[in-house]
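Asks: Pasting a structure below so you can have a look.
The values are calculated or read from the model by the stated rules, or taken from the named source; none is laboratory data. Because the structure is a prediction, the values reported are computed rather than measured. All Cβ positions, even for glycine, are placed from backbone atoms using ideal geometry, and neighbour counts span all protein chains on display. Remember, those area values only see protein heavy atoms, side chains included, never the ligands or the DNA or RNA. Shrake-Rupley method; radii C 1.70, N 1.55, O 1.52, S 1.80 Å.
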Amino acid sequence: MSYTQRETPVLAELCTFLVEDVYGELAARVYSVLARHGRQTLAAVARASYLNGRQIKYGLVILLQQHLVFHSGNDSQPTYYEIDWLNSYALVRLGKVTKLVEDRFGRKAANVMTNLLRLGHTRIADLKEAYFPTETDSDDDSDDGTVNGAGMKRKRGGGNEPNGSAKTNGVVNGDDVKPVVSGDHAHSGTMNGGPVEQSEQEHAEEDDGEIASVDELYEIIERLIQRGWVRTMTESQYLSPGDMHDMLQQETIDQDLGGQQPTGTKDKAVCHKNTLERKRNMRDKWLNVPRFSRRGKPDQDYSNPTKRVKINGANGYSSAGAASPEDKLVIRVNPEKIAVAMRTEQLVQLVEQRLGHVTAHIYQTMLRMLEANTARCYEEYPEPPTAGDEGGDNQIDPKNLVTARDVAKKISRDLDICEGLDPNAIVQITRKGHVRSANILSQPTDPSTLSMDEKTRIIDKHIQLLSEDPTHFVTWHSRAGFSQWHIEFEEIAKQLIQTEIENTISARKGTLGVKLIRALRKKGKLDERATCNAMMMSANDLRGIVNDLTVQGLVQTQEVPKVERREAKHSLHLIWYDRQRAREKLLHDTYKGMVRILQRIQFEREKVQPLLSKAERSDVVGNEEKWLSKGELDALRKWKEVQEKLSLQLFREDDLVATLRDFHGPLVSV
Amino acid sequence: MAAPMAPSMVPKEEEPSAVDLANNEAGTPADALYDKCAQRSQGTVFFQRDLSNMQVAETMAELTMLLQELCDRHLMKLMTFEGEPCWKLRSRAEADKLRRLTPDERLLYHHIDQVQAEGIWSKALRARTNVTQQVLTKCLKSLESKDLVQSVMSVKFPNRKMYLLKHLRPSEDIAGGPWQSEGDFDTALIETISGIVAQHIENETCIKVPGNWNDYERPDRTADMAQKKAQVQGIRDIEDAPAVKPYHQPRDPNSSKIVHKNNPQYPTSASVAEWLNSKEILRGKTVREDDMEQLLEMMVLDGRLEKISGTNYRTVLTAIDTKVYNGFVDAPCGNCPVFDLCGDEGEISARTCVYFGQWLETQSEEV
Ligand code: SF4
């Protein structure tokens, strides 16, 4: 089974929570049957639940549209349904995605993205309809009566309830106050300008972020597809990893091995290798950029950064009503890209902590430039290593190289790039004045007056800081006029995982615990004495920590008997640290922590439920001061605070999940 | 007599071989051979071809005889290296002492000599030599009083007395390095020295920059605001990152921060050891490169230093003071003593949780 498709009861519980939160009880009930029983046919779901066929189908439609569930394809009967854990979990990220897109492509694109997230996969025509309804009733247009039109509400409202599911929600569950995962509060703590203020802003300046024309909408969609944030939907994306594997392996056997089941090791290796290749090809095809009719050659260049959104494209659509060939395309959000962007954010945060905000900003610029060419964080189907080939041909695609000059061209003029560096380095570059004894420049340098060349060289100094850091945030590649740098994400991702494990231990056991983990990581399996030697401390001070960390599952112990009778006294007692195990344990615990937070939110909401109902009455909304007592207002405010705090924590836990799970494949440990 | 096996052929420090002319037995060919050997640097190991090249003995047989004589007089010690016999000199004074030993004492001395700096536990010594406990105790005392052997408490096994030759320095395995005393790590000493070393490395690799180090004329804030406003109102390029300029504190000349030095000389364990020894902070002790490496590596584990490349160290800097850990451990559950007992419902659950109650300042359900 695919690594990412491994689930645990805790994850099942968490995802069921999220599904219920966003899509209501009916969908959640169907979902929980699948979560508890695994792969099922429709009939089996019906047997395991108390729902009737119509209800189940209704629930399944939602789940399928949102890609929370795989199905085994139409040609094989009967159809099996199976949960897509990764996508289900991704529900917690809805708000974060909006923020990520907004940072990169502006508010309008974020708006489109939010709608796509709400709607699940969508025909472009439906999306257009949501923004620019034709004069006739738009519902005629929708193909299977699902959740069309939600985008419209979304755009104007900025309200809290997940209106993408407003219709379906109502069926079983009238309670619409489900703000937790609905995205508007979502953003991670350290970034500025949260979506909370943003939705308020939207009210304030109505037209900012409003998409003015169909043309503009199409342009945004196209750009999002080109950059890999959105991909076209195909049936094959519904296959679970297991089904996909079976299908492609069969294809390999049929086409490459003449229909013979592989028996010898050589045949098996060929089969394995070619199946992986087929998986890669299939997946890469999902990211192909379709032709957009507008300009005739859509995928012209990925790298031109100065293309401006044309409000009135010369040969754009004349009216909203006209159909275009791409209208039939069904598109959806590409979840892999979200992880890439989250990785960028986290790396930037880490650099900010270590090297300061200017260096972090420069790193951010570099990372975002590379994002366009980075489809995913790691290769899930890597080419198996062939014997004798020591991976010598790790040629780096020039698209993945960045120079200081590239950064200098993009960097904002407002950024004081001289900050965070040794003053001597600045003088060396500007050749103006000297550094006085107190490390003050005798001739101050205004960064906005620097020449392009000086800027480049100063930025290169920051990049050197990045490369010298033990995490090696960047790596020197070659010189082509300027130093070309690339980023070894593999290694960095491992470091990130390690850092989070250390952070966890640090919070629980202080520096001593961290020291122990690092010692074990460096030296492998150690007995007590060797551990003491590495840490230069006495055994007595150490035992408690070893015990605690063992109980927490972050450190492993082993007893190797030395004498025949296996007396513990004579045995060798080894301690070691297994990064993969610690990683999985921490991930599992984090899922559980998230469940507890969701449960607490639910509990806190229950407590104020009567008050919330009252506050939502149409006569009260807008006249709160008049109808609610001071005590009630205070209680409402308190609830908002509590909810805010808990949600924020939830999103931070999600950041941790991303680091532990999404940036790197399974680690071969020790 | 069994050939004592040299544990290793690394020449150990020996006492200077004082050629005592007063006690001169010179004149015999054996002494001539001894004197010739003594001219070489001390600790040298001689193979048969080296000795015959000295041309003291006329024939092979004579050489063998001479060597036998020297060995009998304890002036030479026979060893083997990869199956080949070889010899090492003893000082005349030492040989003199050895000659006066009783056979038991000599036997014990021989075994202690074999283990060199590793030392041998008295019990193991008895097992190898088969002498009675009384004899053992008596002989060891006498050897110690004659300044031939010394005893040290083992660091590895705190209740074992280890014996080794007087002139040898006990190996780290039994005595520990400069950081240990009485068989345990000297925490206070380590703390002090690592503090001093940390400061030294910081001076070498970092630079303190005052807040006003680059005091250029800042553009007028109102102009700034106007520009910003224009930016907001203008149609933004879809690809431009929003020009969010994070707020950073104005430059205060009294505040300062520490940044990495431009092109520093990164210290190594050798350079730091040399520096520390030159400061003579550790009275009487010198710190070897190995000892320093142990200390520096420990400081890396501590998060005080970081390793830049194979052998270079520098100070760990953090640009932000506030310590956040991660989303999980900053929430109550991440640090909860009853995490594993906590369930979806029941006595310990998110509803009844006191930790959440404290954290959120809300009421939890009573159980
Ligand atoms: S909910 Fe409370 S009791 Fe349960 S794990 Fe979290 S902190 Fe501990």
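Asks: Roughly how many Å² of B:Trp275 are accessible to a 1.4 Å probe, to the nearest 10?
Replies: My reading of the accessible area for B:Trp275 is about 60 Å².
Asks: Summing Lys, Arg as +1 and Asp, Glu as -1, what charge do residues with Cβ under 10 Å from the Cβ of A:Leu287 carry, A:Leu287 excluded?
Replies: In short, +3.
Asks: Would you please put A:397-405, B:129-137 in order of how densely packed they are, using the mean number of other Cβ atoms within 10 angstrom per residue and starting with the highest?
Replies: Highest mean packing first, the order is A:397-405, B:129-137.
Asks: What length, rounded to one decimal in nm, is gained on full extension from A:Asp267 through to A:Asp254, with 0.36 nm per residue of separation minus their alpha-carbon distance?
Replies: 3.4 nm
Asks: From the backbone phi of the stretch A:35-46, what are the Karplus-calculated ³J(HN,Hα) couplings (6.51 cos²θ - 1.76 cosθ + 1.60, θ = phi - 60°) in whole Hz, Gly and Pro given as x?
Replies: Working through the residues one at a time gives 5, 7, 9, x, 4, 9, 8, 4, 4, 5, 4, 4 Hz.
Asks: Continuing with the same structure: Assuming a viscosity of 0.692 mPa s and a temperature of 37 °C, what translational diffusion coefficient in µm² per second does Stokes-Einstein assign to the stretch B:103-176, Rh being the Kirkwood radius over Cα pairs?
Replies: 274
Asks: How high is the relative contact order of the stretch A:508-559? Use alpha-carbon pairs under 8 Å, at least six apart in sequence, and give a whole percent.
Replies: It rounds to 33 percent for the stretch A:508-559.
Asks: Measure off, as a whole percent, the carbon and sulfur share of the 1.4 Å-probe accessible area of the stretch B:103-176, all protein chains present.
Replies: 51
Asks: Which far-off residues, 5 or more places away or on another chain, put their amide H under 5 Å from the one on A:Thr403, with H placed in the peptide plane?
Replies: Amide H neighbours of A:Thr403, under 5 Å, 5+ apart: A:Trp485.
Asks: Provide the gained length on full extension for the span A:Thr234 to A:Glu488, in nm with one decimal, where the gain is 0.36 nm per separating residue minus the Cα-Cα distance.
Replies: Once the chain is fully extended between A:Thr234 and A:Glu488, it gains 88.2 nm.
Asks: Long-range amide H contacts for B:Phe81: which residues qualify at under 5 Å (H placed 1.01 Å from N, peptide plane, sequence gap of 5 or more or a different chain)?
Replies: Under 5 Å from the amide H of B:Phe81 lie the amide H atoms of B:Cys86, each far enough along the sequence or on another chain.
Asks: How do B:Arg40, A:Arg280, B:Arg160, A:Arg600 rank by accessible surface area computed with a 1.4 Å probe, from largest to smallest?
Replies: From most exposed to least exposed: B:Arg40, B:Arg160, A:Arg280, A:Arg600.
Asks: Give me the inter-chain shielding for A:99-105: mean count of other chain Cβ atoms within 10 Å, whole number please.
Replies: Average per residue, whole number: 2.
Asks: How well do other chains shield peptide B:353-364, expressed as the mean number of their Cβ atoms within 10 Å of each residue Cβ?
Replies: 4
Asks: Using a simple spin-label model with points 7 Å from Cα along the Cα→Cβ vector, what separation in nm is obtained for A:Met452 and B:Thr132?
Replies: Simple spin-label model gives 9.9 nm for this pair.
Asks: Please give the contour-minus-distance gain from B:Gln363 to B:Asp290: 0.36 nm per residue of separation, less the Cα-Cα distance, rounded to one decimal in nm.
Replies: 20.5 nm is the gain from fully extending B:Gln363 to B:Asp290.
Asks: Between A:His573 and A:Arg39, how high is the FRET efficiency from 1/(1 + (r/R0)^6) when r is the Cβ-Cβ distance and R₀ = 51 Å? Nearest 0.05.
Replies: Here the calculated transfer efficiency is 0.70.
Asks: Report the B-A buried area as the accessible area lost on both sides summed, probe 1.4 Å, in Å² to the nearest 100.
Replies: Using a 1.4 Å probe, the pair buries roughly 7400 Å².
Asks: Please give the average number of partner chain Cβ atoms lying within 10 Å of the Cβ of each residue in A:626-638, rounded to a whole number.
Replies: For peptide A:626-638, the averaged partner shielding equals 0.
Asks: Next question, about the same structure. Roughly what would the spin-label model give for A:Ala212 and B:Asp321, points 7 Å off Cα along C-beta, in nm?
Replies: With each label placed 7 Å out from Cα toward Cβ, I get 4.8 nm.
Asks: Now for a different question. Taking accessible area as the heavy-atom solvent-accessible surface of the protein chains with a 1.4 Å probe, which residues of the stretch A:463-482 lose no less than 30 Å² upon going from the isolated chain to the full protein assembly?
Replies: With the partner chains in place, the stretch A:463-482 has these residues losing at least 30 Å²: A:Leu465, A:Glu468, A:Pro470.
Asks: Let me ask something else. Residues of the stretch A:14-98: accessible area per residue at 1.4 Å, in Å²?
Replies: 38
Asks: Read phi for every residue in the stretch B:71-84 and hand back ³J(HN,Hα) as whole Hz from Karplus 6.51 cos²θ - 1.76 cosθ + 1.60, θ = phi - 60°, with x for Gly and Pro.
Replies: 5, 4, 7, 6, 7, 10, 10, 8, 9, 10, 10, 6, x, 9
Asks: While we're here: Assuming R0 = 30 Å, can you tell me the calculated FRET efficiency for the pair B:Glu62 and B:Ala93, based on Cβ-Cβ distance, to the nearest 0.05?
Replies: 0.65
Asks: Pop out the ³J(HN,Hα) list for the stretch A:570-581 in order, Karplus 6.51 cos²θ - 1.76 cosθ + 1.60 with θ = phi - 60°, rounded to Hz; leave Gly and Pro as x.
Replies: 8, 6, 8, 10, 10, 10, 8, 10, 10, 4, 5, 5
Asks: Then there's this: Got a sec? Which residues of the stretch A:582-599 lose 30 Å² or more of accessible surface with every protein chain in place, vs. that chain alone, 1.4 Å probe?
Replies: Relative to the lone chain, where solvent access is computed with a 1.4 Å probe, the stretch A:582-599 loses at least 30 Å² at A:Asp589, A:Lys592, A:Arg596, A:Gln599.
Asks: Can I ask one more? Tell me the label-point distance for the pair A:Arg280, B:Leu341, using the 7 Å Cα-to-Cβ offset, in nm and rounded to one decimal.
Replies: So the two model labels end up 5.2 nm from each other.
Asks: To continue, here is another question. What do you reckon, how do B:Asp35, B:Asp290 stack up by accessible area (1.4 Å probe), largest on top?
Replies: B:Asp290, B:Asp35
Asks: Using a 1.4 Å probe and counting only protein heavy atoms, arrange A:Glu644, B:Glu217 so the residue with the most accessible area comes first.
Replies: B:Glu217, A:Glu644
Asks: Return the long-range amide H neighbours of B:Val149 (sequence gap of 5 or more, or a different chain), with a cut-off of under 5 Å between placed amide H atoms.
Replies: The list, which skips near neighbours in sequence, is B:Glu144, B:Lys166.
Asks: Further, regarding this structure: Between B:Arg106 and B:Lys307, how high is the FRET efficiency from 1/(1 + (r/R0)^6) when r is the Cβ-Cβ distance and R₀ = 56 Å? Nearest 0.05.
Replies: Once rounded, the FRET efficiency stands at 0.65.
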